[in-house]
Amino acid sequence: MKKDTITASGQSSVTVYDFGAHVTSWKNASGKEILYTSPSAKLDGSKAIRGGIPICFPQFGKKGPLRQHGFARNSFWTPDESFGSTEDGPALKYTLRDTGETRQSAWPHSFEAAYFVTLAPDGNSLTVELQVKNTNKNGEEFSFTTALHSYFCCNSQETTLSEYSGLKYEDNIESGVEKTQHGIIEFGKEVDRVYLGTKSTLSLPSANLVIEKVNMPDAVVWNPYIEKTAALSDMPDDDWKKFICIEPGRIGEPAFVKPGETWTCSLTLLSTS
Ligand code: TA6
């Protein structure tokens, strides 16, 4: 497993592993860590890294025949060594293509995925972009669901979210039950919801974070709380207190891509302090 780190102004840096093209750390210009990665995350390729920004592709959650969250986060992506800074700042690029194993899976399509990680020159903004090209030679269109399963550092016991009021969500705790959000979301319990049709700009005020998403209409809000965390072998029992997942994605309605076409989504995070 290989990791790369890019830096920009001040104490800013981003660290990415080739396994899963997994961003595990983003420190802003003042050195503040924005992303939570578990201290007991597996870094041997035996399972997806716990924390950071896991790429859920070509399936979100259990919504399909593949393993939970698909194979992208459990695959070694290829770093593009020739790719460096862009006009938007220091950047890294990773690619993933279909393999014999994926072609035998329940999602047997030919595809090329590219993932770009860009740190703004001031270090206070991080953009990740996922591109998925359909390279099927058999003329077959394919569809998939996806999410950027982001773990953000914050005190979940003192965080509430209010911008989801009035939105419908699929509740993963009362699985499959669709509800409507009224009022604010509190985290003194397990929260696991797929909000459908969210705004393109969300926020996590307790983390001084703005979340801008493109072509990802939905967002998952998750905190495992006590019992679920105790059942996670790769997270300390108390660490549910240290993060909230806000996971931009295309979940409710899949993405459809015709042969030769490329589908793109992006997530820009702005750290305001
Ligand atoms: O974040 C939403 C979710 O689908 C939860 O249901 C929970 O399973 C979480 O993802 C973590 O999944 P993982 O497979 O990484 O343990």
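The values are calculated or read from the model by the stated rules, or taken from the named source; none is laboratory data. Since this is a predicted model, take the numbers as computed values, not measurements. With ideal geometry, Cβ positions are generated from the backbone for all residues, glycine too; neighbour counts draw on all protein chains shown. In case anyone asks, the SASA skips ligands and DNA or RNA and just uses the protein heavy atoms, side chains included. Shrake-Rupley method; radii C 1.70, N 1.55, O 1.52, S 1.80 Å.
Scan the range 2-9 and tell me whether some residue there is away from the ligand (no atom under 16 Å from the Cβ), in a strand (DSSP E or B), open to solvent by less than 10 Å² (accessible area, probe 1.4 Å) and touching a residue at least 24 places away in the same chain (Cβ under 8 Å). No, because not a single residue in the range 2-9 is away from the ligand (no atom under 16 Å from the Cβ), in a strand (DSSP E or B), open to solvent by less than 10 Å² (accessible area, probe 1.4 Å) and touching a residue at least 24 places away in the same chain (Cβ under 8 Å).
The condition of being under 30 Å from Gly31 (Cβ atoms), among the basic types (Lys, Arg) and open to solvent by less than 50 Å² (accessible area, probe 1.4 Å) does not hold for Lys242. The single condition among (1) away from the ligand (no atom under 16 Å from the Cβ); (2) buried (at least 18 other Cβ atoms within 10 Å of the Cβ); (3) within 19 Å of Lys228 (Cβ to Cβ) that Thr127 does not satisfy is (3).
Just to verify a result, which residue in the range 245-264, among those that are of a type in the set (Asp, Glu) and open to solvent by 50 Å² or more (accessible area, probe 1.4 Å), is farthest from Thr135 (Cα to Cα)? The extreme case among them is Glu253. Residues that are open to solvent by 10 Å² or more (accessible area, probe 1.4 Å), at pLDDT 95 or above and touching a helix residue (DSSP H, G or I) at 6+ places or on another chain (Cβ under 7 Å) are absent from the range 143-150. Here's a check for you: in the range 206-235, which residue that is among the charged types (D, E, K, R) and away from the ligand (no atom under 13 Å from the Cβ) is nearest to the chain's Cα centre (by Cα)? That would be Lys213. Gly61 fulfils the conditions (1) at pLDDT below 95; (2) open to solvent by less than 10 Å² (accessible area, probe 1.4 Å); (3) farther than 17 Å from Thr15 by Cα except for a single criterion, (1). Identify the single condition in (1) more than 30 Å from Leu204 (Cβ to Cβ); (2) in contact with a strand residue (DSSP E or B) (Cβ under 6 Å, 6 or more places away or on another chain); (3) open to solvent by 60 Å² or more (accessible area, probe 1.4 Å) that Thr160 does not satisfy, given that it satisfies every other one. Of (1) more than 30 Å from Leu204 (Cβ to Cβ); (2) in contact with a strand residue (DSSP E or B) (Cβ under 6 Å, 6 or more places away or on another chain); (3) open to solvent by 60 Å² or more (accessible area, probe 1.4 Å), only one is false for Thr160: (1). Give the residues of the range 176-205 that are closer than 19 Å to Thr229 by Cβ and not aliphatic (A, V, I, L, M), sorted by residue number. Result: Glu186, Phe187, Gly188, Lys189, Glu190, Asp192, Arg193.
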